[in-house]
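All remarks here apply to the structure that follows.
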Protein chains: 2
Amino acid sequence: MDFFQNINAMQVQGDWIICIRQSKPERMTVSVVFKNDNCGDTARKMVPPLVFSDKVAAEIDGSFFADLNSVIPDTAKLFSSMEHYLKQREEAQKHSQMETGKIEQQKKQQVDKLKNMKKP
Amino acid sequence: MDFFQNINAMQVQGDWIICIRQSKPERMTVSVVFKNDNCGDTARKMVPPLVFSDKVAAEIDGSFFADLNSVIPDTAKLFSSMEHYLKQREEAQKHSQMETGKIEQQKKQQVDKLKNMKKP
């Protein structure tokens with residue numbers, strides 16, 4: 001039994017939700033959702049689950065990690081890129097002329113206020 | 001790899017939801033919820049998940065099915081008994097004097113109504 005060791009060996013950042021429903025005796029449907037709540041982009045929710053539909057248990061055992069390995073690392077990379085993109089965009093906004101302008105304007109307004117208070 | 005074959009071998013009526021969260025490298029927390037939506041008693045939701053908290057993957061692999069086998073079959077039996085109890089109670093109510101009385105009364109009322117309609 002090395003199921004969890006195989007999951008661990010994938011070394012991807014995120015959580016797994018695995019649902020198993022016995023459809024008929026000997027057959028089952030398994031869906032695997034991989035998610036990363038650290039990714040702030042809600043588009044991550046559009047990534048569909050990986051589904052093994054109405055298959056014999058041995059068949060799922062045979063292909064489970066091969067199938068997971070063919071999609072999940074890329075999904076994990078996508079989540080990470082999405083989050084990186086959001087952080088970079090935030091950073092860009094902070095350093096933009098527009099934001100710097102706003103801050104300068106706020107500072108000026110405060111100075112003006114103080115000046116007006118001192119006048120009388 | 002025989003994870004899903006082991007699940008299948010348990011031959012219990014219900015669905016499984018397995019959540020896996022990597023807590024630290026090499027360590028993970030796994031929770032297993034076993035549920036049966038065919039059971040109409042909402043008390044079934046009070047059965048807690050089985051949790052393997054912050055353990056090394058190999059440790060979980062080592063004890064997963066032994067632990068599952070020690071609790072899940074009884075849970076499945078409980079769900080089945082709950083549902084059986086509800087069905088029997090429903091059946092008992094249907095055949096009770098109270099219900100039979102109600103039906104007799106409704107019939108009488110309808111006959112009375114018809115009689116009153118015919119009078120004029």
Counting only residues that are within 30 Å of A:Arg89 (Cβ to Cβ) and of a type in the set (S, T, N, Q), which one in the stretch A:21-50 is farthest from the other protein chains (Cβ to nearest Cβ)?
-> A:Thr42
Taking the stretch A:13-24 on its own, how many of its residues are of a type outside the set (Gly, Ala, Ser) and either buried (at least 20 other Cβ atoms within 10 Å of the Cβ) or touching a His at 6+ places or on another chain (Cβ under 9 Å) (or both)?
-> 3
When the stretch A:23-76 is examined, which residues are found to be free of Cβ contacts under 8 Å to residues at least 40 places away in the same chain, touching a helix residue (DSSP H, G or I) at 6+ places or on another chain (Cβ under 7 Å) and of a type in the set (Gly, Ala, Ser)?
-> A:Ala43, A:Ala57, A:Ala58
In the stretch A:1-36, residues that are of a type outside the set (Gly, Ala, Ser), over 16 Å from A:Ile72 (Cβ atoms) and modelled with pLDDT under 90 total 5
Within the stretch B:16-53, restricting attention to residues that are of a type in the set (Ser, Thr, Tyr) and assigned to a strand (DSSP E or B), which residue is nearest to A:Pro49 (Cα to Cα)?
-> B:Ser31
Test A:Ile18 against the criterion of being in contact with a helix residue (DSSP H, G or I) (Cβ under 7 Å, 6 or more places away or on another chain) and not acidic (Asp, Glu), and give yes or no.
-> no
Lone qualifier among A:Ala58, A:Ala76, A:Ala66 - being closer than 30 Å to B:Ile7 by Cβ and exposed (fewer than 10 other Cβ atoms within 10 Å of the Cβ) | A:Ala66
Residue in the stretch A:55-64 that is farther than 25 Å from B:Pro25 by Cα and outside any helix (DSSP H, G or I) present = yes
Of the residues that make up the stretch A:69-90, is at least one over 15 Å from the mean Cα position of the chain (by Cα) and either closer than 24 Å to B:Ile60 by Cα or within 14 Å of chain B (Cβ to nearest Cβ) (or both)?
-> yes
Going through the stretch A:51-66 in order, the residues found to be within 9 Å of chain B (Cβ to nearest Cβ) and either closer than 19 Å to A:Trp16 by Cα or of a type in the set (Gly, Ala, Ser) (or both) are A:Phe52, A:Ala57, A:Ala58, A:Ile60, A:Asp61, A:Gly62, A:Phe64, A:Phe65
Restricting the stretch B:1-20 to residues that are farther than 21 Å from B:Arg44 by Cα and touching a Phe, Trp or Tyr at 6+ places or on another chain (Cβ under 8 Å), the one farthest from the other protein chains (Cβ to nearest Cβ) turns out to be B:Asn6
Quick one: would you say B:Ile7 is part of a strand (DSSP E or B) and within 21 Å of A:Leu68 (Cβ to Cβ)?
-> no
Identify, from the list A:Gln110, A:Gln93, the residue that is modelled with pLDDT of 85 or more and either crowded, with 16+ Cβ neighbours inside 10 Å or more than 26 Å from B:Asp15 (Cβ to Cβ) (or both).
-> A:Gln110
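The values are calculated or read from the model by the stated rules, or taken from the named source; none is laboratory data. From a predicted model like this one, the values you see are computed outputs, not experimental measurements. Ideal geometry is used to build each Cβ from the backbone, glycine not excepted, and the neighbour counts take in all protein chains shown.
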